[in-house]
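Below is one structure, written out as structure tokens; the observations come after it.
The values are calculated or read from the model by the stated rules, or taken from the named source; none is laboratory data. In this text, all values refer to a predicted model and were calculated from it rather than measured experimentally. When we count neighbours, we look across all protein chains shown, and the Cβ atoms used for this are built from the backbone with ideal geometry, even at glycine. Just the protein is used for accessible areas: all its heavy atoms, side chains included, with ligands, DNA and RNA removed. Shrake-Rupley method; radii C 1.70, N 1.55, O 1.52, S 1.80 Å.
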Amino acid sequence: MNDIHLNKINHQNWKLMMWLFLISDIFTFCGFINVFFALRLNSKTIWPNGDIVFTYVPLIGYNIPLAFVTIMTFILIMSSISMYASTYEYKKSKKINSLIWLFFTILIGIMFIFCQSLEWIHLSNKGYWFGKIPIGHNVNYSNIFFAITGFHGIHVLIGIMINIFIFIKIYLEKRMHSYNFLNNAGLYWHFVDLIWVFIFTFIYLI
Amino acid sequence: MNYKKIFNIFILLTFFTLIEFYISFFLINSTLVKNIIYIFLTFLKSYYIVFYFMHVNSEKLYYKLLFILPIILLLFLTTIIFIEYYEVL
């Protein structure tokens, strides 16, 4: 009896569970950002400024402050758009269009991870790493910066894995009945984008 | 909700990000004014992402309240914590 009942969970409940998970994840990131500000405002030594630390742009010879981070924000917003389009096409039961947009979403997500790893490699060459910083600055800065961006990067990686999984599922299925799954994957993906918008302001700009 | 509308939102989000990038090293000298503009633009962007991409806009009222009220409470708490930080300094 119970099994029959469980199979009939309607899509409102799926969405509700996803939202509860997202709210708990918002609390985690809020904790991180509060720790960032607590460390920053009680710092006894010099706290590095975002304009000075993040001047690296790959493929271009000269340095522009914060340009690469802006490009990364643009990339994530673009991937959010293609995820929305994929869900939209699936709802109109056009399977091939939905798969093409989902493929673009996965590709742009991998591009974001690639950009972030380039930035991490550059920073570690300049002397920023867990417990390391150029002399005279506060070492807590690099600790909390790598913790927050690493945590966000893991979220993007999990999102890419979910997207690849659902890509295979949609490709193999005969009848189109995985709209709830795709919708929830989309919610998670937009949430990652939302978190990046906040990180861009609170860690890099302010 | 069609492609044209979602494209307009995409243009808006990119535009807000470019404004943030532009005022980060030109235009304004006061740090306080800069920070207020950044936070205002961030919440504008998050409004567009949550209400249109995560389609909270087309949900029923009680669902909207369920999603939005915890976040408003969280923002309230964060504001209080920041004010306390600044009083310590």
Scaled to the compact-protein estimate 2.2 N^0.38 Å, what is the alpha-carbon radius of gyration of chain A, rounded to two decimal places? 1.20
Exposed chymotrypsin sites (Phe, Trp or Tyr not before Pro) being those in a DSSP loop with at most 13 other Cβ atoms within 10 Å, the longest stretch of chain B free of them is B:27-89
If the only charges are +1 at each Lys and Arg Cβ and -1 at each Asp and Glu Cβ, what is the size of the charge dipole of the range A:83-206 around the Cα centre, to the nearest 20 debye? 440 debye
When Cβ neighbours within 10 Å are restricted to other protein chains, what is their mean count per residue of peptide B:64-74? 2
Once all protein chains are kept in place, A:Asp25 shows an accessible area at probe 1.4 Å, nearest 10 Å², of 10 Å²
Using a 1.4 Å probe on the heavy atoms of the protein chains only, list every residue of the range A:83-99 that has 30 Å² or more less accessible area in the complete assembly than in its chain alone. A:Tyr84, A:Tyr88
Just in the range B:8-66: which trypsin sites (Lys or Arg not before Pro) are loop by DSSP and have at most 11 other Cβ atoms within 10 Å? B:Lys60
Calculate, for A:Lys91 and B:Leu77, the FRET efficiency according to 1/(1 + (r/R0)^6) with r their C-beta to C-beta distance and R0 41 Å; round to the nearest 0.05. 0.65
Distance in nm between label sites at A:Ile71 and A:Tyr179, each 7 Å beyond Cα in the beta-carbon direction? 4.0 nm
What percent of all Cα-Cα pairs in chain B falls into each 5 Å bin, going from 0 up to the bin containing the maximum distance? 3, 11, 16, 17, 16, 17, 11, 6, 2, 0
